[in-house]
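Shown next, in structure tokens, is the structure this report addresses.
The values are calculated or read from the model by the stated rules, or taken from the named source; none is laboratory data. This is a predicted model, so every value here is computed, not measured. All Cβ positions, glycine included, derive from the backbone under ideal geometry; neighbour counts span all protein chains shown.
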Amino acid sequence: MAADNLPAQPADGNGADRAPSATRLPMLSVLGSRRARQLLIAAIVVGYAWFAGGSAPFTNRALISVLIPGAVLGAIAYGRPPQRVPAPESIDVTGFSYWIVAVALLFEWEASSFRDGSPRWHPSLTELINPILTPHSIKSAAFVVWLLAGWGLVKR
Amino acid sequence: MSSRAITVVGFAVVIAVLVGLELLGRRRTNRIPTVGEWLGYVMRPRTGRALILLGWLWLGWHYFAR
């Protein structure tokens, strides 16, 4: 009968009301603490990016603000790696070759302008991006993207 | 079209191709892997992981420390 598949109910009848709330409350508390932790991490990342985005180029502060996340993520990647997205056992060589060609084209285009000394008539990608990154807010946002990309790599 | 404009268009085209490859990879109707898939594959050995992470660090140093 269908009733045979139902979970056993407490004999007093009141337990049916108590049981769901008793299991729901700890779950809400876990979800709440996870949410709070995520918000805290987001605030730290954004705050750090704002700090790093405000540093002038070619200064120790700028260098250290890049090296610290590098050291932290490197330590996490090799010391205490998080649960990673399973990597594929193999990838299609033909499909991958399209990526190789596109990335090689980007490097070739960049290298040719770098070789010429990045003149105005043939600027490097860096020369084109640097003016965009000049405002503090844009540079900080780009720093957040860079940090998230690093975390994404550690998770892979 | 000036040489500068040709250079900028060249970068834009290559970046558009990279974005296009990612979109094609996500459609699952072809053999093109997504960037996450091929990066994951390259990072399977420790050396590959180290090189990719160093590349990421270099990118940060290049754009934010210089």
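Could you check the range A:71-156 for helices (runs of 4 or more DSSP H) lying wholly inside it with 1 or more residues that are of a type outside the set (Ser, Thr, Tyr) and within 30 Å of A:Ala42 (Cβ to Cβ)?
Of the helices (runs of 4 or more DSSP H) lying wholly inside the range A:71-156, those with at least 1 residues that are of a type outside the set (Ser, Thr, Tyr) and within 30 Å of A:Ala42 (Cβ to Cβ) span A:125-129, A:136-155.
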Name the residue, out of A:Trp109, A:Trp121, A:Trp99, that is within 7 Å of chain B (Cβ to nearest Cβ) and at pLDDT 95 or above. A:Trp99
Being in contact with a Gly (Cβ under 8 Å, 6 or more places away or on another chain), within 7 Å of chain A (Cβ to nearest Cβ) and under 22 Å from A:Asp92 (Cα atoms): is that true of B:Gly36 here? yes
Can you tell me which residue among B:Ile15, B:Ile32 is within 16 Å of A:Ala87 (Cα to Cα) and surrounded by 12 or more Cβ atoms within 10 Å (Cβ to Cβ)? B:Ile32
Among (1) of a type in the set (A, V, I, L, M, F, W, C); (2) closer than 22 Å to B:Leu21 by Cβ; (3) at pLDDT below 95, the one test that A:Phe58 misses: (2)
Output for the range A:68-83, where each listed residue is at the interface with chain B (Cβ under 8 Å from one of its Cβ atoms) and either of a type in the set (A, V, I, L, M, F, W, C) or under 30 Å from B:Arg31 (Cβ atoms) (or both): A:Leu73, A:Ala77
